[in-house]
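The values are calculated or read from the model by the stated rules, or taken from the named source; none is laboratory data. Predicted model, so just to flag it, every value in this text is computed and none were measured. Quick reminder, even Gly has a Cβ in these numbers, built from the backbone with ideal geometry, and neighbours come from all protein chains shown. With ligands, DNA and RNA removed, areas are computed over all heavy atoms of the protein, side chains included. Shrake-Rupley method; radii C 1.70, N 1.55, O 1.52, S 1.80 Å.
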Amino acid sequence: MTSLSETGRKILRRLIGESNFAARDASRNTFNSDFQRISEEYAFATIWNRTGLDFKTRSLLCIASLTALGLWPQLRMHIHSALNNGSTIDELKEVVIHLSVYVGLPAASEAGRMIEAVLAERGQSPATTPQPPAKGLSDDR
């Protein structure tokens, strides 16, 4: 294994956590091993390892990009990464709200649903506080 690959694997392990990293390694086979190596060396050792943006910011950018593209399995992994990199539940909520304007309510809603599912997996579910329904224009008559 090259040092570039080792660097990428170290960064990837930090981003996705040990259990997700182990599952990824367990799925390595003759078909996908070259792709995984390229991903480790280019995406993680080269791009994620650049200076200029911290890992938390990069994670939030990935959430926005993957939501816009509707790449839900990859989004799930990057939600874990964002939390591993110090993103708060409130920051993730704000990303979803911000995305609702730029990529549409359906995509933002799906991202929010996925964030809640990941939080539940991690035992970090946000407190459920019932909110009163918003008063619509038709209610003013």
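Filter the range 7-22 down to the residues that are of a type outside the set (A, V, I, L, M, F, W, C) and without any contact (Cβ under 8 Å) to a residue 24 or more places away in the chain and list them by number. Steps first, please.
Taking the range 7-22 as the starting set, the residues that turn out to be of a type outside the set (A, V, I, L, M, F, W, C) are 7-10, 13-14, 17-20.
Scanning the range 7-22 gives LYS10, ARG13, GLU18, SER19.
For the subset of the range 111-127 comprising residues that are in contact (Cβ under 8 Å) with a residue 24 or more places away in the chain and under 13 Å from the mean Cα position of the chain (by Cα), which member is surrounded by the fewest Cβ atoms within 10 Å (Cβ to Cβ)? Reasoning before the result, please.
Going residue by residue through the range 111-127, those that are in contact (Cβ under 8 Å) with a residue 24 or more places away in the chain are 111, 114-115, 117-119, 122, 124, 126.
Those left that are additionally under 13 Å from the mean Cα position of the chain (by Cα): 111, 114-115, 117-119.
Numbers: ALA111: 25, MET114: 20, ILE115: 24, ALA117: 13, VAL118: 20, LEU119: 16.
If we take residues in the range 111-127 being in contact (Cβ under 8 Å) with a residue 24 or more places away in the chain and under 13 Å from the mean Cα position of the chain (by Cα), then ALA117 is surrounded by the fewest Cβ atoms within 10 Å (Cβ to Cβ).
If ALA68 satisfies all but one of (1) open to solvent by 30 Å² or more (accessible area, probe 1.4 Å); (2) of a type in the set (Gly, Ala, Ser); (3) closer than 17 Å to ARG14 by Cβ, what's the number of the condition it fails?
Only one criterion is unmet by ALA68, namely (3).
I need every pair where a residue in the range 68-81 that is more than 14 Å from SER109 (Cα to Cα) has its Cβ under 9 Å from the Cβ of a residue that is open to solvent by 70 Å² or more (accessible area, probe 1.4 Å), sequence separation at least 6 or different chains.
HIS80/GLU121; HIS80/ARG122; SER81/ARG14
Could you check ASP25 against (1) in contact (Cβ under 8 Å) with a residue 12 or more places away in the chain; (2) in a helix (DSSP H, G or I); (3) open to solvent by less than 60 Å² (accessible area, probe 1.4 Å) and say which number it fails?
If we test ASP25 against (1) in contact (Cβ under 8 Å) with a residue 12 or more places away in the chain; (2) in a helix (DSSP H, G or I); (3) open to solvent by less than 60 Å² (accessible area, probe 1.4 Å), just (1) comes out false.
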